[in-house]
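Asker: Sharing a structure with you now.
Taken together, the values in this text are just the output of simple stated rules run on the coordinates, not laboratory data. Computed from a prediction, not measured in an experiment: that's the story for all the values here. Neighbour counts run over all protein chains shown; Cβ positions are idealised from the backbone, glycine included.
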Amino acid sequence: MKTLILHGWGGSDFPHWQSHLASEIAKNYGTVSFPLLDNCHFPSKNRWLKQVKKLLEEFKPDTVVCHSLANTLWFWLCQEEIATVEKLFMVSPPSLSTTEATIKTFFPCKIHNDIHAREVHLIVSDNDPWIKLEEAESMAEKISATYKVIENGGHINADSGYGKWKLIEEMVLGKK
């Protein structure tokens, strides 16, 4: 299994669940790439697209795990020529019409018809400040994803208590 983990705005270093996931994959003899994307606190859609497109071509992951802004980046990547992955995990995507000035190059964003993944899992929280459940549910339907709602999970990041996260580890490692 080759897994590419893509962080959102500001990165996902320890104690974020993505850093724990990278460690668990490596401990189970999986191959993982968890790159720090360019200028993560002031991201540029074009720079991130170029960087991740190159990673996809060179690393050739079976599985991609996105958090937050990385989900929007994936939607932009789907408008380009990229290989299809086996599994795509989309956790806490922001609204496709987000107006935050620092990340304005990513929005507005549309969902492309081809999500470039054979199996898609969308996980959101019922109190995420970045997206309403109605939009998340509509997004899941449009991309034919399994849809899981976490109660009171906030943005499902370290700030909302998601360091080591058993559910995502089991899902990605195929134990659930």
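Asker: Under the rule of -39500 (n - 2.57) per DSSP H run of 4 or more residues, summed and divided by the residues of the chain, what mean residue ellipticity at 222 nm is obtained, to the nearest 500 deg cm²/dmol?
Answerer: Per the formula, -9000 deg cm²/dmol.
Asker: Step through the table entries K87/K164; K45/K175; K87/K142, compare each Cα-Cα distance with 27 Å, and write down the pairs that go over it.
Answerer: K45/K175
Asker: Averaging over all projection directions, find the projected area of the Cα convex hull of the chain and quote it in nm² with one decimal place.
Answerer: One quarter of the hull surface, i.e. the mean projection, equals 8.8 nm².
Asker: Starting from the 7 Å offset along Cα-to-Cβ, what nm value, one decimal, do you get for the label separation of T102 and D13?
Answerer: Computed distance between label sites T102 and D13 equals 1.5 nm.
Asker: Further, regarding this structure: What does the extension gain come out to for E58 and D159, with contour length at 0.36 nm per residue minus their alpha carbon separation?
Answerer: 33.1 nm
Asker: Moving on. Let me check against my output: what whole-number percent is the relative contact order of the range 78-141, with C-alpha pairs under 8 Å and at least 6 apart?
Answerer: 44 percent
Asker: Right, something else. Sorted by average packing, counted as other Cβ atoms within 10 angstrom per residue and highest first, what order do 2-15, 37-50, 155-168 take?
Answerer: Descending packing order for the listed peptides: 2-15, 155-168, 37-50.
Asker: Considering Cα pairs under 8 angstrom that are at least six residues apart, work out the relative contact order of the chain and quote it in whole percent.
Answerer: 23 percent
Asker: Starting from the Cα-Cα distance between N28 and I82, subtract it from 0.36 nm times their residue separation and give me the gain in nm to one decimal.
Answerer: 16.7 nm
Asker: Which Rg and Dmax, in Å, describe the Cα atoms of the range 102-176?
Answerer: In Å, with Rg to one decimal and Dmax whole: 13.6, 38.
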